[in-house]
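The values are calculated or read from the model by the stated rules, or taken from the named source; none is laboratory data. None of the values given here were measured: they were computed from a predicted structure. Ideal geometry is used to build each Cβ from the backbone, glycine not excepted, and the neighbour counts take in all protein chains shown. Protein only, heavy atoms only, side chains kept; ligands, DNA and RNA dropped before computing areas. Shrake-Rupley method; radii C 1.70, N 1.55, O 1.52, S 1.80 Å.
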Amino acid sequence: MTKYKDIDLYKQMYLQKRGYGASGGIYCKFFDKFIKSHTDIKTILDFGCGQGELAKGLSFDIDEYDPAIEGQETISKQQYDLVITTDVLEHIHTDQIGLLLDDIIDLKPKYFVNAISTVKAINILPDGTNAHKTIENAAWWKNTIENHTGYKTRILIEAKNTSILCSYKD
């Protein structure tokens, strides 16, 4: 698995800022409906799980991975039907987006769904920089994901601050 830039700063944030990385829970209803409508999904990974709020709120078994959380630094399976990221991609420096996408594609998912913030973060990292490193609109993310992975990608939701994109093998 790739060692992403600023990972040590994110580790500090989890230790120092109560509630940091707990936004996954706001997506539970969306993902519950998505998973129920795709009956071929049996294995699920929350990639960048943070505090694990998504797994706590879903009625499905879900594995968790987060390189900045002690005890969550290992992915337990070689393949997943669905890989989910919630508020993860924007934390990756633009020059490492392809590396993160490669890490996801290496898991051979049928689908991967990304909830991506498209605005600056409220949180500032311990080095004084904004926690969101890549701030782009949904169209940019769609093109980047498709061009890098070869997966078809649809914009499912494009809101003021967040977009949700679904990528899948054709």
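Below is a table of values for the structure above.
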| read-out | value |
| --- | --- |
| Residue match in the stretch 89-111 (condition: modelled with pLDDT under 95 and in contact with an Asp or Glu (Cβ under 8 Å, 6 or more places away or on another chain)) | no |
| Where a residue in the stretch 157-170 is under 15 Å from H38 (Cα atoms) and open to solvent by 40 Å² or more (accessible area, probe 1.4 Å) and its partner, wherever it lies, is basic (K, R) and part of a strand (DSSP E or B), with Cβ under 7 Å and at least six apart | Y168/K152; D170/K152 |
| Answer residue from the stretch 114-146, given it is open to solvent by 30 Å² or more (accessible area, probe 1.4 Å) and of a type in the set (S, T, N, Q) and is farthest from R18 (Cα to Cα) among those | N143 |
| Any hit, the stretch 40-53, residues being basic (K, R) and modelled with pLDDT under 95 | no |
| Hey, E90 at negative phi, crowded, with 20+ Cβ neighbours inside 10 Å, free of Cβ contacts under 8 Å to residues at least 24 places away in the same chain and not aromatic (F, W, Y) or not | no |
| Candidate set: the stretch 99-113, residues that are farther than 21 Å from I164 by Cβ and out of contact with any helix residue (DSSP H, G or I) (no Cβ under 9 Å at 6 or more places or on another chain); chosen: the one least open to solvent (accessible area, probe 1.4 Å) | L99 |
| Residues of the stretch 13-48 classified as open to solvent by less than 70 Å² (accessible area, probe 1.4 Å), within 21 Å of T129 (Cβ to Cβ) and out of contact with any helix residue (DSSP H, G or I) (no Cβ under 9 Å at 6 or more places or on another chain), total | 3 |
| Scan of the stretch 118-159 for residues that are among the acidic types (D, E) and touching a helix residue (DSSP H, G or I) at 6+ places or on another chain (Cβ under 9 Å), ordered by number | D127, E136, E158 |
| Residue match in the stretch 122-137 (condition: over 22 Å from C28 (Cα atoms), out of contact with any Ser or Thr (no Cβ under 8 Å at 6 or more places or on another chain) and basic (K, R)) | no |
